[in-house]
């Protein structure tokens, strides 16, 4: 069974069709990149899957259960994690406390959210940090961390909720090339080890073609291609609509930084 199934998804704003009849699937442990130029509809699609925006038509299912009409918190409780383009962490807390806060929420220990989280499931939280290579920084304040480390904290917070599906909105934005490779390699290893499906948007083509198992390409609100990186690289419609140039020798000329 597919982990995530999107069928004939549609969303309009007035007379503008932001998303029209978009369909794709994602399997457990698979990394799928959702790409497209500005205005392609990928952010709208992403937000509908997360529950931040209601579709006008179509279906979104997580292991056969419909997500339509559910609020973001309800979607999160079903096992859908999310990271954001700009790292979203509690800057006044330590690295460990950020993970512990997620665990408190996951366990519905709301009464303890107003107190310090430092003693809650400490060993389990340290184990999560070890998965992203941050155990040595557990007691550091997040405000003192480099940006690449903040992105790893955000990833640790996402996996602390034990997600089945992880949505990553431009996960490597603002990162140096070596940092991008490190974060995506870590994400891929976690997805494989824990059987987490990952759907991510991304502008850096070295990340997309280096780490996606499959690529879904949108333009002007419609899905124009999907398939393996090799298949998408050879697609002339993608070369014209997304990259703004004709295919070169039957394929795309992929730059390290993307368009």
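Listing for the model above:
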read-out: Hits in region 194-231 (condition: in a strand (DSSP E or B), out of contact with any strand residue (DSSP E or B) (no Cβ under 6 Å at 6 or more places or on another chain) and surrounded by fewer than 22 Cβ atoms within 10 Å (Cβ to Cβ)); value: 219, 227
read-out: Count of region 175-190 residues which are touching a strand residue (DSSP E or B) at 6+ places or on another chain (Cβ under 8 Å) and crowded, with 21+ Cβ neighbours inside 10 Å; value: 1
read-out: Test result for residue 126, part of a helix (DSSP H, G or I), more than 17 Å from the chain's Cα centre (by Cα), surrounded by fewer than 20 Cβ atoms within 10 Å (Cβ to Cβ) and modelled with pLDDT of 95 or more; value: yes
read-out: Pair list, Cβ < 8 Å and 6+ apart or interchain, from region 11-26 residues that are touching a residue at least 24 places away in the same chain (Cβ under 8 Å) to residues that are surrounded by fewer than 16 Cβ atoms within 10 Å (Cβ to Cβ); value: 11/56; 12/56; 18/12; 21/8; 22/8; 23/7; 23/8
read-out: Condition check for residue 92: in contact with a strand residue (DSSP E or B) (Cβ under 8 Å, 6 or more places away or on another chain), part of a loop (DSSP other than H, G, I, E, B) and under 17 Å from residue 223 (Cβ atoms); value: no
read-out: Residue 60 vs. criteria modelled with pLDDT of 95 or more, part of a loop (DSSP other than H, G, I, E, B) and closer than 21 Å to residue 199 by Cα; value: no
read-out: Residues (surrounded by fewer than 17 Cβ atoms within 10 Å (Cβ to Cβ) and modelled with pLDDT of 95 or more) located in region 1-11; value: 7, 8
read-out: Scope region 14-48; condition over 23 Å from residue 162 (Cβ atoms), in contact with a strand residue (DSSP E or B) (Cβ under 7 Å, 6 or more places away or on another chain) and in a loop (DSSP other than H, G, I, E, B); matching residues; value: 36, 37, 40, 41
read-out: Among (1) over 28 Å from residue 74 (Cα atoms); (2) in contact with a helix residue (DSSP H, G or I) (Cβ under 8 Å, 6 or more places away or on another chain); (3) at pLDDT 95 or above - the single one residue 153 does not satisfy; value: (1)
read-out: Qualifying residue in region 156-174 (condition: out of contact with any strand residue (DSSP E or B) (no Cβ under 6 Å at 6 or more places or on another chain), in a helix (DSSP H, G or I), surrounded by fewer than 20 Cβ atoms within 10 Å (Cβ to Cβ) and in contact (Cβ under 8 Å) with a residue 24 or more places away in the chain); value: no
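The values are calculated or read from the model by the stated rules, or taken from the named source; none is laboratory data. Source: prediction; values computed, not measured. All Cβ positions, even for glycine, are placed from backbone atoms using ideal geometry, and neighbour counts span all protein chains on display.
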